[in-house]
Amino acid sequence: MEPAILLEMTGISKSFPGVKALDGVDFHLRAGEVHALIGENGAGKSTLIKILTGVHSKDSGVIRLNGQAIAPESSLEAQELGISSIYQELNLIPSLSVAENIFIGREPKSRFGLISWNTVQVQARELLRRAGLKDEIDVTQKLSRFSTSIQQMVAIARAISIDAKVIVMDEATSSLNEKEVQSLFEVVRRLKDSGIAVVFISHRLDELFDICDRMTVLRDGRLVGEYPTLGLTKLVLVSAMIGRDATSIMDSHKQYSEELAQSRDYVCQATHLKSGTKVTDVSLDVKRGEVLGLSGLLGSGRTETAQVLFGDAVAESGEIRLNGERQHFRRPSDAIGKGIGFCPDARSTASFRRCRSSTISRSCCCASSPSGGSSLAKPSARWQPSTSSAWASRRPTSTRRFAI
């Protein structure tokens, strides 16, 4: 027998000027389940979650929690109802301690009305233990001193501290490595066993099939369907997300990859790059219209290689060529001027750090190869193993730039 429905969102609609973000969407969440909410960018996932967590108000529809109609008007009100959220960009305060982040605004008080810091610290340690943190940490230290995975645990501990019935995880694994993801999934399974319902949002299909019990697919602000994970295939899921048979896309991708394998139209070539201690002898090339994947373990130099290509680190030896012309990048603005863009792993901080060498509008641009052409880049089947790595995707066939 299936658990009773804990959260029910029925006929949810939301419009912004000129955009119908949600059109009569239904979403049902049962106690003790992990439920994926998925769709392409712009499908309406974030809007639905923001309505649930009180960030946006709905235009129409009904939300029921444990059978009672609710309409949270703020994140605080949603938390008081037992709905907590953990986002890709953690809504924590790095300059405060771990314990302060867990209890901010809800600190235990002494009988004299003062904050009982000893109680705060003792309860913070217990909550982190319940959240699945195996190694005890100093909860009096600033949050900024700890890794992203530890900060995720702090966010989960805060959700547990408010007796959350529903926890929303929006791209919570995007900054974690594989080991950290599996540690997080262990915590999610414990939350599930304790009766807490989890709404899980991710673009990583393998993660969805690993941790989720059911999946709800949105497309263009409308509900496509709700599917049990058991028996569902990736091909069916992707077809539901994009609104057409994914088989034809795969066939097209295979044909394009075969054509690309014969091409010698190189946009970027790097030979025997050396920079610091992590980039020691890296060579790679990227063809026009290609997405090249570089892989390696943490600390192998994947980020550092990308930084050299973007001019954020200087190559001590080796060479970089764009369209056959040798380049000497001394700073990011040099690379941007040649049409190279960079999306760093720590986007919320690293992007603005680089603004010291260029204007914000240039730092936040979608740059591309300076050569002409109009066709979009398509994925390549080619894989370049390397001791250093970074996932990089570019649009190398357009000359236009768009500044934010």
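Using the Cβ-Cβ distance between Val122 and Arg145 with R0 = 25 Å, the FRET efficiency computed as 1/(1 + (r/R0)^6) comes to roughly 0.75. Please state the Cα pair-distance histogram of the stretch 1-70 with 5 angstrom bins from zero: what percent is in each bin? Over the stretch 1-70, the share of Cα pairs per 5 Å bin runs 4, 15, 27, 26, 16, 8, 3, 1, 0 percent.
After finding the eigenvalues of the alpha carbon gyration tensor for the stretch 151-250, what semi-axes result from the square roots of 5 times each, listed largest first in whole Å? Can you show the working numbers first?
Details: eigenvalues 150, 45, 30 Å².
Gyration-tensor ellipsoid for the stretch 151-250: 27, 15, 12 Å.
Applying the criteria of a DSSP loop state and at most 16 other Cβ atoms within 10 Å to the GluC sites (Glu not before Pro) of the stretch 1-98 yields Glu40, Glu73, Glu89.
Given 0.36 nm per residue, what is the gain on full extension from Leu76 to Asp135 after removing their alpha carbon distance, in nm?
Numbers: separation 59, 0.36 × 59 = 21.24 nm, distance 3.04 nm.
Length difference between fully extended and current span is 18.2 nm.
Seen from a random direction on average, the alpha-carbon convex hull of the stretch 187-330 projects onto 12.8 square nanometres.
Distance between the pseudo-spin-label points of Thr10 and Arg264 (7 Å out from Cα toward the beta carbon): 6.7 nm.
Computed over every Cα-Cα pair of the stretch 85-221 and binned at 5 Å starting from 0, the pair-distance distribution P(r) comes out as 2, 10, 20, 22, 19, 12, 8, 4, 2, 1, 0 percent.
What the phi angles of the stretch 56-67 give under the Karplus curve with 6.51, -1.76 and 1.60, with θ = phi - 60°, is a coupling list of 10, 9, 7, 7, 7, x, 9, 10, 10, 10, 6, x Hz, glycine and proline written as x.
Kirkwood Rh and Cα-based Rg: tell me the resulting Rg over Rh for the stretch 43-107, rounded to two decimals. Mind showing how you got there, number by number?
On the way: Rg = 13.7 Å, Rh = 13.3 Å.
Ratio of gyration radius to Kirkwood radius for the stretch 43-107: 1.03.
Just how much of His328 is accessible, in Å², when a 1.4 Å probe is used and the result is rounded to the nearest 10? It works out to around 120 Å².
The label point for Lys274 and the one for Leu235, both projected 7 Å from the Cα toward the Cβ, are 5.0 nm apart. Averaged per residue, the stretch 65-199 has 50 square angstrom of accessible surface, using a 1.4 angstrom probe with ligands and nucleic acids left out. The slack between Ser317 and His203, meaning 0.36 nm per residue of separation minus the straight C-alpha distance, is 37.3 nm. Averaging 1/r over each pair of different alpha-carbon atoms in the stretch 53-162 and inverting the result gives 15.2 Å, the Kirkwood hydrodynamic radius.
The values are calculated or read from the model by the stated rules, or taken from the named source; none is laboratory data. A quick note: this is a predicted structure, and the numbers were derived from the prediction, not measured. Cβ sites come from the backbone with ideal geometry, for glycine too, and all protein chains shown count toward neighbours. We work out accessible area using only protein heavy atoms, side chains counted, and drop any ligands, DNA or RNA first. Shrake-Rupley method; radii C 1.70, N 1.55, O 1.52, S 1.80 Å.
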